[in-house]
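Here's the structure we're looking at; comments come further down.
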Amino acid sequence: MEPYDIIIIGGGVVGCMTARTLSRYNLRILLIDKEADIGMGASSANSAIVHAGYDPLPGTLKAKLNVAANPLWDALAGELNFAFERRGDYVVAVGPGELARLDKLLEQGRTNGVPGMHYITADEMREREPNINPDTSGALWAPTGGICDPFAVTIAAAENAIQNGVTIKLDTAFTGFIQEGKKITGIYTTRGDFACRWVVNAAGLYADDIMHAAGVRPEFQITARRGEYAILDRDEITIHNVLFPVPSDISKGILVTATLHGNTLVGPNAENLPEKEDHSVSPGGMTEIWGGAKRLIPDLQPKHTIAVFAGLRACGNAACETPGVKYDHDFVIEIPKEVSGLVNLGGIESPGLTAAPAIALRVVELLQDAGEKLVEKPDFQPIRPPRPIFRHLTHEEQAALIRVDPRYGRVVCRCEMVTEGEIIAEIRGPIPATTYDAIKRRTWLGTGRCLGGFDMPRVVDILSRELKIPPTAVTKKGPGSEFLIRSTKDVEVADAH
Ligand SMILES: Cc1cc2nc3c(=O)[nH]c(=O)nc-3n(C[C@H](O)[C@H](O)[C@H](O)COP(=O)(O)OP(=O)(O)OC[C@H]3O[C@@H](n4cnc5c(N)ncnc54)[C@H](O)[C@@H]3O)c2cc1C
């Protein structure tokens with residue numbers, strides 16, 4: 001078989017953005033992910049903020065790539081057709097003692113090259129966010145902060161990569177390297193072996209294991225640092241801004257933020273876990289995030305919660321390589337010397353979502369520095385066409401769509417107004433949605449007050465029909481998460497007693 005030029009391990013925002021960026025060049029590219037869908041790791045469970053770049057320590061890769069990436073987001077959103085709002089963000093001081101601590105952040109932001117930051121008074125803050133704690137003493141305003149839907153960004157990048165010739169294989173886990181001496185010539189996976197000249201390690205929480213499999217950076221360890229969140233009912237309270245507290249030494253703190261979907265999000269806390277697959281939320285975590293959230297917005301109420309979730313940060317232990325900067329959790333973005341054919345993207349915790357477009361460009365530079373002659377394709381297509389989102393259309397547009405395809409006239413999710421037409425478009429999309437959660441992430445179905453109570457049986461039915469599988473084989477998020485145990489008609493008399 002003809003080898004791939006590049007195999008990317010990991011279909012999170014970093015892997016997908018890298019695939020899309022490299023798809024501009026004449027390269028055969030394969031992206032693999034171990035899960036049933038792309039973006040099932042940190043890239044779909046985070047605060048969804050495109051950071052301005054004042055938070056990372058000057059001199060770190062986090063600071064450089066955050067500030068380099070932030071201005072790229074407007075053009076990317078236009079080309080890839082995902083929603084992005086540059087609302088700016090606030091670091092809010094509460095009480096007289098915190099105000100002076102904003103000076104360090106302002107200075108750090110200016111050193112990092114963040115444009116437009118300035119202080120606003122307590123009165124201005126109260127005007128911009130009427131629900132803010134009345135004891136606020138002022139805030140630092142960064143106009144270049146933004147919000148996005150991180151899964152929408154990830155899938156848009158992946159779909160555009162496919163348009164430009166990238167192959168994506170899901171349910172395909174990396175299990176080892178094929179090597180000729182120190183040269184990597186391919187990978188072993190759970191779905192066969194693939195030859196390649198380069199491997200890009202974008203495996204999130206498992207990037208350390210992949211480095212170790214290549215005999216690289218044995219001291220590098222990734223710890224899963226959990227962040228828990230609550231999503232609030234948009235009919236109960238509306239927050240208009242991205243509001244951070246004054247940060248501590250280890251964390252940006254618990255924020256309260258508007259989301260693109262109109263809900264308010266509160267969280268995250270920061271807790272190191274002993275293992276890497278615990279996505280549960282804890283009573284202690286909820287108490288902690290509510291304490292933080294109510295300090296910013298006292299009127300927020302836990303009873304307004306409609307969903308909770310946790311994301312896991314891939315917290316690495318790599319020292320910053322800039323001389324004189326003492327920092328132990330920097331990104332690792334390198335071609336290691338110990339082997340040839342490997343690009344490591346490790347320890348990509350926050351601001352990894354923001355930085356992803358700049359990380360991808362850095363991969364291009366690293367490959368060129370290593371002697372790779374990258375030739376641009378004359379037919380590279382930067383535009384990823386959008387699919388209709390029924391609730392965003394005017395009545396006239398909706399009627400026109402229904403005339404062409406009556407399935408857009410059947411509303412499956414009432415809370416979020418998602419139609420059968422949209423669900424089928426995703427099942428037949430460039431990366432087919434084959435599970436309930438894959439449809440939920442793409443359409444926002446099942447995220448309203450009833451949390452899927454109404455739509456779930458109908459989605460199971462549609463998935464079963466479209467995928468030509470029995471309803472009992474339809475899953476929430478892949479094998480082992482089936483909704484139904486058996487058909488009731490199959491219940492035997494003995495079972496009934
Ligand atoms: C609580 C929290 C809040 C955050 N908030 C923000 C924020 O507001 N703004 C911001 O900029 N950043 C934020 N981040 C950071 C951001 O989410 C991450 O930096 C980013 O999503 C990392 O993307 P990734 O592609 O490296 O990792 P992931 O999204 O985790 O993707 C890695 C992929 O690799 C796959 N994989 C792993 N092992 C294998 C294997 N053996 N074979 C095949 N595939 C494999 C996984 O299935 C996964 O899909 C936050 C993170 C968390 C957890």
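Points to keep in mind about this one:
- Packing here is the average count of other Cβ atoms within 10 Å per residue, and on that basis the peptides 153-165, 236-248, highest first, run 153-165, 236-248.
- Charge-dipole axis of the range 374-416 as Lys and Arg at +1 and Asp and Glu at -1 on Cβ define it, positive-most pick from Cys413, Ile383, Thr394: Cys413
- Over the range 265-365, the ratio between the Cα radius of gyration and 2.2 N^0.38 Å evaluates to 1.42.
- Cross-link check: pairs Lys104/Lys373; Lys182/Lys373; Lys326/Lys373; Lys104/Lys276 evaluated at a Cα-Cα cut-off of 32 Å; pairs beyond the cut-off: Lys104/Lys373; Lys326/Lys373; Lys104/Lys276.
- From phi via Karplus (6.51, -1.76, 1.60), per-residue ³J(HN,Hα) for the range 221-234 in Hz, x at Gly/Pro: 10, 10, 9, 7, 10, 6, x, 9, 9, 10, 9, 9, 5, 5
- A straight Cα-to-Cα reach below 12 Å connects Lys169 with the aspartates and glutamates Asp33, Glu35, Asp37, residues fewer than 8 places away in its own chain not being considered.
- A full extension of the chain between Gln381 and Ala399 corresponds to an added length of 3.4 nm, given 0.36 nm per residue minus the alpha carbon distance.
- The range 411-458-the range 5-30 distance, computed between alpha-carbon centres (Å): 28
- Note on Thr175 and Lys373: the extension gain reaches 68.4 nm, defined as 0.36 nm multiplied by sequence separation minus the Cα-Cα distance.
- Per-residue 3J(HN,Hα) values for the range 293-309, derived from phi via the Karplus relation 6.51 cos²θ - 1.76 cosθ + 1.60 with θ = phi - 60°, read 5, 6, 5, 7, 10, x, 7, 5, 10, x, 5, 7, 5, 10, 7, 10, 7 Hz in sequence order (x marks Gly and Pro).
- Put a dot 7 Å past the Cα of Arg101, heading toward its Cβ, do the same for His118, and the two dots end up 2.6 nm apart.
- Eigen-decomposition of the gyration tensor built on the alpha-carbon atoms of the range 83-168 gives equivalent ellipsoid semi-axes of 36, 16, 10 angstrom, largest listed first.
- When the chain is described by a simple charge dipole with +1 on each Lys and Arg Cβ and -1 on each Asp and Glu Cβ, the residue from Val166, Leu243, Gly352 located farthest towards its positive end is Val166.
- Dipole magnitude for the range 144-237: computed about the Cα centre from +1 point charges on Lys and Arg Cβ and -1 point charges on Asp and Glu Cβ, it is near 580 debye.
- Cβ charges +1 (Lys, Arg) and -1 (Asp, Glu), total dipole of the range 17-80, debye: 280
- Relative contact order [Cα under 8 Å, 6+ residues apart], the chain, whole percent: 19
- Under 5 Å between amide hydrogens, built in the peptide plane, is the criterion, and for Val418 it picks out Val412, Cys413 among residues at least 5 positions away or on other chains.
- Relative to its residue count, the chain spans a Cα convex hull of 180 Å³ per residue.
- Highest average packing first - 290-299, 413-422, Cβ atoms within 10 Å: 413-422, 290-299
- Counting only Cβ charges, +1 for Lys and Arg and -1 for Asp and Glu, the dipole size of the chain around its Cα centre is about 620 debye.
- Averaging the Cα positions of each part gives two centres, and for the range 323-360 and the range 74-102 these lie 24 Å apart.
- Amide H to amide H distances under 5 Å link Thr475 with Tyr436, where only residues 5 or more positions off or on other chains count and H is placed in the peptide plane.
- When you count the other C-beta atoms within 10 angstrom of each residue and take the mean per peptide, 52-59, 182-189, 201-208 line up highest first as 201-208, 52-59, 182-189.
- D_trans [Stokes-Einstein, Kirkwood Rh over alpha-carbon pairs] for the range 150-194, 10 °C, 1.306 mPa s, µm² s⁻¹: 128
- Distance between the modelled labels on Asp235 and Asp193, one decimal in nanometres: 5.9 nm (7 Å Cα→Cβ projection).
- Stretched out straight at 0.36 nm per residue, the stretch from Asn26 to Ile485 would grow longer than its current Cα-Cα span by 160.5 nm.
- Amide H contacts under 5 Å for Ala433: Ile427, Arg428, restricted to partners 5 or more places along the chain or on a different chain, H placed in the peptide plane at 1.01 Å from N.
- Sequence-ordered 3J(HN,Hα) estimates for the range 55-72 from the Karplus curve with 6.51, -1.76 and 1.60 and θ = phi - 60° stand at 7, x, 5, x, x, 7, 5, 4, 5, 4, 6, 4, 5, 5, 7, 3, x, 7 Hz, glycine and proline given as x.
Bear in mind these aren't lab numbers, they're just calculated from the coordinates by the rules spelled out. All values derive from a computational prediction rather than experimental measurement. No Cβ is skipped: glycine too gets one built from the backbone with ideal geometry, and neighbour counts run over all protein chains shown.
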